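Okay, structure first, notes after.
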Amino acid sequence: MSIHDLNPTDKKDTRSGFGDALHELGKEDERVVALCADLTGSLKMNAFANEFPDRFFQTGIAEANMMGMAAGLTIGDKIPFTGTFANFSTGRVYDQIRQSIAYSQKNVKICASHAGLTLGEDGATHQILEDIGLMRMLPNMTVINPCDYNQTFAATKAIKDHEGPVYLRFGRPSWPIFASKTSFEIGKAWKINDGKDVTIIATGHMVWYAVLAAKELEKLGITVDLLNMHTIKPIDEEAILTSVAKTGCVVTAEEHNRFGGLGEAVAQVTTANMPVPQEFVAVNDSFGESGKPTDLLKKYGLDVSDIVKAAKKAVERK
Amino acid sequence: MAEIDFLTKRSSQVRRDIVKMVHSCSSGHPGGSLGCADFFVALYGEMMHYDPQNFNMDGTGEDLFFLSNGHISPVWYSSLARSGYFPIKELATFRQIDSRLQGHPTTAEHLPGIRMASGSLGQGLSVAIGAALSKRLNNDDHIVYTLHGDGELQEGQIWEAAMYAPHHKVDNLIATIDYNMRQIDGDVDDVLSLGNLKAKWEAFGWEVLESNGNNMAELVATLKKAKGLTGNGKPIVIIMTTEMGQGVDFMMGSHKWHGVAPNDEQLAQALSQLAETEGDY
């Protein structure tokens, strides 16, 4: 497997990967229940809702109640999947998640769509860029941010069998499909490409941009060790350390504030074990704005060219 | 009635436990705990079906209870211990380091009887609705009970949950409100009035009952009436009038014993007013 094997022709939104997998889970396991706060269509939960009306709970625009109900549903061996936008899945209900789900060790799957800048035209009120940080800080919480439709499908399936609270982050835009739909292991990074000059660790939509950046860098004579870090907590320390031992520098890329996200999670691993220069491709502590997803990624420093630039800088700093 | 006599005696013992617990760690919330002692004793001594020797998280085939106003943990811990969930002597560890009896209830220490952490207010009704729906899916016809402070009703999440339960006919649910009309900063009517509480719950679509929460016979009768009303398509709420600090004269009639522990002298004075009926821990 290398970046040259990845030439996707199909595109789909990651939220559809969630919706399609949830529908399958409904057929496979009667314990699976779903809750949604008036965004069934946006979260692609209609198939589940229509086929399993007894196991689907429409809570209305009341996310705090939804999180509490999800926690309560686990008592009696249900596996609740909550669905709403990432903003309303985290910041709006942080204390409910903290006390009733994370501290209470409840087996709730918090499934969050429309994360990050690529939500697009709705603008900053809905474009949460702090959610990974919020969820990472909670003890007992697993945090996953898959890269495409297939990986979101596989991750949704995988978290059903994981005992404990999970935050699953995905998004709105149609995005190239290049990952496996079947092989997914929580906490185990996907090694996309072998290289020796720089490690690039990316999560979510930014993984595809990292693939494109790696192809450009290769043309410039810089080979990239590329990791898809879909699980941000618990993070795959072994994959990070093995890679930076070889390359001696790292670039992280995420659709999130530079504070609290993947970059900090990686830095925590390297600084404690094997300090190396690191460049952060992330939003520079600001809110977003309205616009087309790819235009926004460009404006906020998350374009393919930004990853290329960061990689060159990381290599120079070695 | 022998049953009411037994429950009343147990209430006295639970009240002794409460003042001893908060005294020994010089912290905790005696006021609301004392006010709700009769309710807890009625619930665990008369109403609920449960299996303390085989506690498990799912509680299938059992009635469930969720304490939403977690700060009155002393009354819950005493009631659980006196109902056989864990050794009565463990009450002595309340709020001490390495204890299962945390300041606010938690599942993290695996104390039998507790299924949800509470302390941050307003969350218990939502949790109870979820648990009640889980029972419905499992064809388990047992009941889910909750308790809330009246001040806690100022939290918005309560009303999200209050709107949900009638709309979805969650009728295996009995919520209870400790209507002592006091909160930390003073009288509820001064801090943020609840207005016509009965009318509010009725407007949300609940079956509303009222009871004196410190009269054991009336309370048990009301709880039995509430149980008889389950399964009729509506959730039930009991507005239970209590006296904060009930049973200890100098703690009654004010909000100031909400979260203050008695000193040695005050403990002795309190214990002299509460009969030891089942043996102190």
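The values are calculated or read from the model by the stated rules, or taken from the named source; none is laboratory data. Small disclaimer: the values here were computed from a predicted structure and weren't measured. In this analysis, Cβ positions are derived from the backbone assuming ideal geometry, glycine residues included, and neighbour counts consider all displayed protein chains.
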Check your understanding: For the stretch B:206-218, does any single residue satisfy the condition of being in contact (Cβ under 8 Å) with a residue 40 or more places away in the chain, more than 21 Å from B:MET47 (Cα to Cα) and touching a helix residue (DSSP H, G or I) at 6+ places or on another chain (Cβ under 7 Å)?
Key -> no
Study note, to complete from the structure: For A:TRP175, the lone unmet condition from (1) in contact with a Ser or Thr (Cβ under 7 Å, 6 or more places away or on another chain); (2) surrounded by fewer than 20 Cβ atoms within 10 Å (Cβ to Cβ); (3) in a strand (DSSP E or B) is (2)
Practice item. Hey, could you check the stretch B:222-239 for residues that are more than 17 Å from the chain's Cα centre (by Cα) and not polar (S, T, N, Q) and say which is surrounded by the most Cβ atoms within 10 Å (Cβ to Cβ)? Key: B:PRO235
Review point. Buried (at least 18 other Cβ atoms within 10 Å of the Cβ), touching a Lys or Arg at 6+ places or on another chain (Cβ under 7 Å) and within 20 Å of A:PRO139 (Cβ to Cβ) - does that describe any residue in the stretch A:241-253?
Key: no
Check your understanding: Is there a residue in the stretch B:109-126 that is more than 17 Å from the chain's Cα centre (by Cα), more than 13 Å from every other protein chain (Cβ to nearest Cβ), at pLDDT 95 or above and not in a helix (DSSP H, G or I)?
Key -> no
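Okay, residues lined up against (1) within 10 Å of chain B (Cβ to nearest Cβ); (2) more than 14 Å from A:ARG169 (Cα to Cα); (3) touching a helix residue (DSSP H, G or I) at 6+ places or on another chain (Cβ under 7 Å):
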site: A:ASP38; (1), (2), (3): no, yes, no
site: A:GLU63; (1), (2), (3): yes, yes, yes
site: A:ILE110; (1), (2), (3): no, no, yes
site: A:ALA115; (1), (2), (3): no, no, yes
Point to revise | Meets criteria (more than 7 Å from chain A (Cβ to nearest Cβ) and either modelled with pLDDT of 95 or more or crowded, with 24+ Cβ neighbours inside 10 Å (or both)) for B:GLY151 | key: yes
Review point. Does A:THR118 qualify as being outside any strand (DSSP E or B), closer than 15 Å to A:PHE85 by Cβ and out of contact with any Leu (no Cβ under 6 Å at 6 or more places or on another chain)?
Key: yes
Review point. If you go through the stretch B:16-31 one residue at a time, do you hit one that is of a type in the set (Asp, Glu), within 20 Å of B:LYS225 (Cβ to Cβ) and either away from chain A (no Cβ under 14 Å) or touching a strand residue (DSSP E or B) at 6+ places or on another chain (Cβ under 7 Å) (or both)?
Key: no
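Check whether at least one residue in the stretch B:98-112 is over 22 Å from A:GLN99 (Cβ atoms) and among the basic types (Lys, Arg), and report yes or no.
If we filter the stretch B:98-112 for residues that are over 22 Å from A:GLN99 (Cβ atoms), which is where we start, we get none.
Among the residues of the stretch B:98-112, not one is over 22 Å from A:GLN99 (Cβ atoms) and among the basic types (Lys, Arg), which makes the answer no.
Going through A:ILE177, A:ILE144 one at a time, which residue ends up being closer than 25 Å to A:GLU24 by Cα and in contact with a Pro (Cβ under 6 Å, 6 or more places away or on another chain)?
Values: A:ILE144 fails: in contact with a Pro (Cβ under 6 Å, 6 or more places away or on another chain).
Of the residues listed, the single one that is closer than 25 Å to A:GLU24 by Cα and in contact with a Pro (Cβ under 6 Å, 6 or more places away or on another chain) is A:ILE177.
To keep it simple, each residue is scored yes or no on (1) among the aromatic types (Phe, Trp, Tyr); (2) under 12 Å from the mean Cα position of the chain (by Cα); (3) more than 10 Å from chain A (Cβ to nearest Cβ).
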| site | (1), (2), (3) |
| --- | --- |
| B:TYR50 | yes, no, yes |
| B:GLY59 | no, no, no |
| B:LEU80 | no, yes, yes |
| B:ARG100 | no, no, yes |
| B:HIS104 | no, no, no |
Check your understanding: For B:GLU210, are the conditions met, namely being surrounded by 15 or more Cβ atoms within 10 Å (Cβ to Cβ), touching a strand residue (DSSP E or B) at 6+ places or on another chain (Cβ under 6 Å) and not hydroxyl-bearing (Ser, Thr, Tyr)?
Key -> yes
Check your understanding: Just wondering, is there one or more residues in the stretch B:62-72 that are in a helix (DSSP H, G or I), under 25 Å from A:LYS106 (Cα atoms) and touching a helix residue (DSSP H, G or I) at 6+ places or on another chain (Cβ under 6 Å)?
Key -> yes
Review point. Do we have any residue at all in the stretch A:57-66 that's surrounded by fewer than 24 Cβ atoms within 10 Å (Cβ to Cβ), assigned to a loop (DSSP other than H, G, I, E, B) and in contact with a strand residue (DSSP E or B) (Cβ under 6 Å, 6 or more places away or on another chain)?
Key: no
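Does B:THR8 satisfy the condition of being in contact (Cβ under 8 Å) with a residue 60 or more places away in the chain, under 22 Å from B:VAL220 (Cβ atoms) and not charged (D, E, K, R)?
Working: in contact (Cβ under 8 Å) with a residue 60 or more places away in the chain: yes; under 22 Å from B:VAL220 (Cβ atoms): yes; not charged (D, E, K, R): yes.
Taking the combined requirement at face value, the residue satisfies it.
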Exercise for review: Could you tell me whether A:ALA102 is touching a Phe, Trp or Tyr at 6+ places or on another chain (Cβ under 6 Å) and farther than 17 Å from A:PHE170 by Cβ?
Suggested key: no
**Study point:** Residues located in the stretch A:103-120, provided they are out of contact with any Asp or Glu (no Cβ under 8 Å at 6 or more places or on another chain) and either under 26 Å from A:ALA47 (Cα atoms) or crowded, with 24+ Cβ neighbours inside 10 Å (or both)
**Key:** A:SER104, A:LYS106, A:VAL108, A:LYS109, A:ILE110, A:CYS111, A:SER113, A:LEU119, A:GLY120
**Study point:** Qualifying residue in the stretch A:138-152 (condition: part of a loop (DSSP other than H, G, I, E, B), of a type in the set (S, T, N, Q) and on the phi < 0 side of the Ramachandran plot)
**Key:** yes
Revision key, fill the gap. When every residue in the stretch A:77-108 that is touching a strand residue (DSSP E or B) at 6+ places or on another chain (Cβ under 9 Å) and small (Gly, Ala, Ser) is compared, the one farthest from the other protein chains (Cβ to nearest Cβ) is A:ALA86
